[in-house]
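Encoded as structure tokens, the structure appears first; notes follow it.
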Amino acid sequence: MSDIYSWQQGIWQKLTQNRQFRGHALLLKGKKGIGKYGFARHLAKSLLCTAPTAEQKACGECSSCGWFEQHGHPNFYQVMPEALAVHSGESSEKEESDEKSGSATTKKSASQQISIEQIRKLTDFVYMTGHQDGYKIILIYPAETMNRAAANALLKKLEEPPANVLFILVTHQTQHVLPTIRSRCQQIAMPVPDIETSIAWLKQHAINDPQACLAAAGFSPLSAQQFDQGENVAQYQQFIQHIADSKRLDALSLAEALQQTALSVVVSWLQKWCYDLISYRTTGKIRYYLNQLATIQALSGQFDLLECITFARTLNTKQRLSHHPLNPRLFLEEMFIDYATMMHGSRQ
Ligand SMILES: [Zn+2]
């Protein structure tokens, strides 16, 4: 576990100055890919550490820090959707879920939501387990993935908070966390690094073309790093190749090529592409596809602005639908056919 990110130093000081929180629950909120999860784990580790530094950071040497790093601290409990836990290998439930469904298929079939059973298990953690008296810390990530029943179950716990328990909720989408949960948390807006800081950080991590990666990842440095190292790069390049040549766009083969990529990711690529098309037409500037400026310029005169805006709105709906189980290939075919139709200005 490395140190907290440079852009989090200020909020760290503010939050840890007196080690007293105003409540028993924190809600760390902010866009995806800015290091909220790492910050939350650092906070938990430092609160459990028996010999924190002057900056209130975990010492990294005591037995508590040792347990934490081995993912086995008896006073720390982490709740995340099965799909994320399998992916990150963070959860103690990993093996359990592997056994249930067979590891080869786990990633695909694992739940994207935090279930009520997962929240119910917290009761055992709070009342029956643990080491000595100190703090118990529960990290819920990302909080917006709790389904309705899970959220209501957590709300009950927040309404009658057990002593010496700190809940740390982390969310990318505050508006999707129940208002009644939000109101019971001390809300912390997590800082977003500016572009220069992000690029400097990406350079430190030897990312090729940090500016393009950062833009492609919506200006979140951690997402940009994942993007550069991720399995999606080849698919992303294929996407750009097809989409940039809208006259010859083969919706069916593009859909086939991308059907294994997370649908929400593909939709977001097209959302950003349409954002740039509209933005270039109306302001002469683009935001995301900086390497594709010439292409976007060339396409600029070829589509109807209002139709493009209407199409971009339908992508918002598609983004919501992309999280539900459906036929990915058909979903993508329809989306690319609609895009091609919009760009050709012709009706089929
Ligand atoms: Zn320590």
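Compute the length gained on full extension between GLN175 and GLN204: take 0.36 nm times their separation in residues and subtract their Cα-Cα distance, giving the result in nm to one decimal. Extra length from GLN175 to GLN204 when fully extended: 7.1 nm. Counting only Cα atoms, the chain measures 70, 42, 36 Å along its principal axes, largest extent leading. When the pairs LYS121/LYS157; LYS32/LYS121; LYS45/LYS136; LYS36/LYS57 are compared against a 19 Å limit on Cα-Cα distance, LYS32/LYS121 fall above it.
Taking the accessible area of the chain, probe 1.4 Å, and keeping the other protein chains in place, the carbon and sulfur fraction comes to 49%.
Each of SER322, GLN17, SER46 was scored by the projection of its Cα onto the charge dipole of the chain, and the greatest displacement toward the positive side belongs to GLN17; charges sit on the C-beta of Lys, Arg, Asp and Glu.
In the assembled protein chains, ILE337 presents an accessible area of approximately 60 Å² (probe radius 1.4 Å). Once you charge only the Cβ atoms, +1 for Lys and Arg and -1 for Asp and Glu, what is the size of the charge dipole of the chain about its Cα centre, to the nearest 20 debye? Dipole about the Cα centre, nearest 20: 980 debye.
Please identify every one of the trypsin sites (Lys or Arg not before Pro) in segment 274-348 that sits in a loop by DSSP and has no more than 13 other beta carbons within 10 Å of its own beta carbon. Those satisfying the criteria are LYS285, ARG347. Against the criterion of solvent-accessible heavy-atom surface with a 1.4 angstrom probe, SER253, SER6 sort, most first, into SER6, SER253.
Computing FRET efficiency as 1/(1 + (r/R0)^6) for ARG320 and TYR127, where r is the C-beta to C-beta distance and R0 is 41 Å, gives about 0.60.
Treating each Cα of segment 232-347 as an identical point scatterer and summing with the Debye formula, the log10 of I(q)/I(0) at q = 0.11, 0.16, 0.24 Å⁻¹ comes to -0.32, -0.69, -1.61. Below 13 angstrom from the Cβ of LYS203, what's the summed charge of the other residues (Lys, Arg +1; Asp, Glu -1)? With Lys, Arg at +1 and Asp, Glu at -1, the neighbours total -3. For ALA153, what is the net charge nearby, where nearby means another residue's Cβ is under 13 Å from its Cβ and Lys, Arg count +1, Asp, Glu -1? Here the charged neighbours net out to +2.
Measuring gaps between exposed loop sites in the chain (GluC sites (Glu not before Pro); DSSP loop; at most 14 other Cβ atoms within 10 Å), the longest gap, sites not included, is 62-230.
Taking all protein chains into account, the per residue accessible area for the chain stands at 52 Å² (1.4 Å probe).
By how many degrees, 0 to 90 and rounded to 10, does the Cα axis of helix 116-128 deviate from the longest principal axis of the chain? Roughly 20 degrees, rounded to the nearest 10. Placing R0 at 30 angstrom, the Cβ-Cβ distance between GLU256 and GLU159 gives a FRET efficiency of 0.05 after rounding to 0.05.
Spatially, segment 218-256 and segment 56-83 are offset by 36 Å when compared through their Cα centroids. The C-alpha atoms of the chain define a longest principal axis, and helix 305-321 lies at about 40 degrees to it.
The values are calculated or read from the model by the stated rules, or taken from the named source; none is laboratory data. No experiment lies behind these values; they were computed from the predicted model shown. A quick note on method: Cβ atoms are made from the backbone with ideal geometry, for glycine too, and the neighbour counts reach across all protein chains shown. The accessibility values were calculated without ligands, DNA or RNA, using every heavy atom of the protein model including side chains. Shrake-Rupley method; radii C 1.70, N 1.55, O 1.52, S 1.80 Å.
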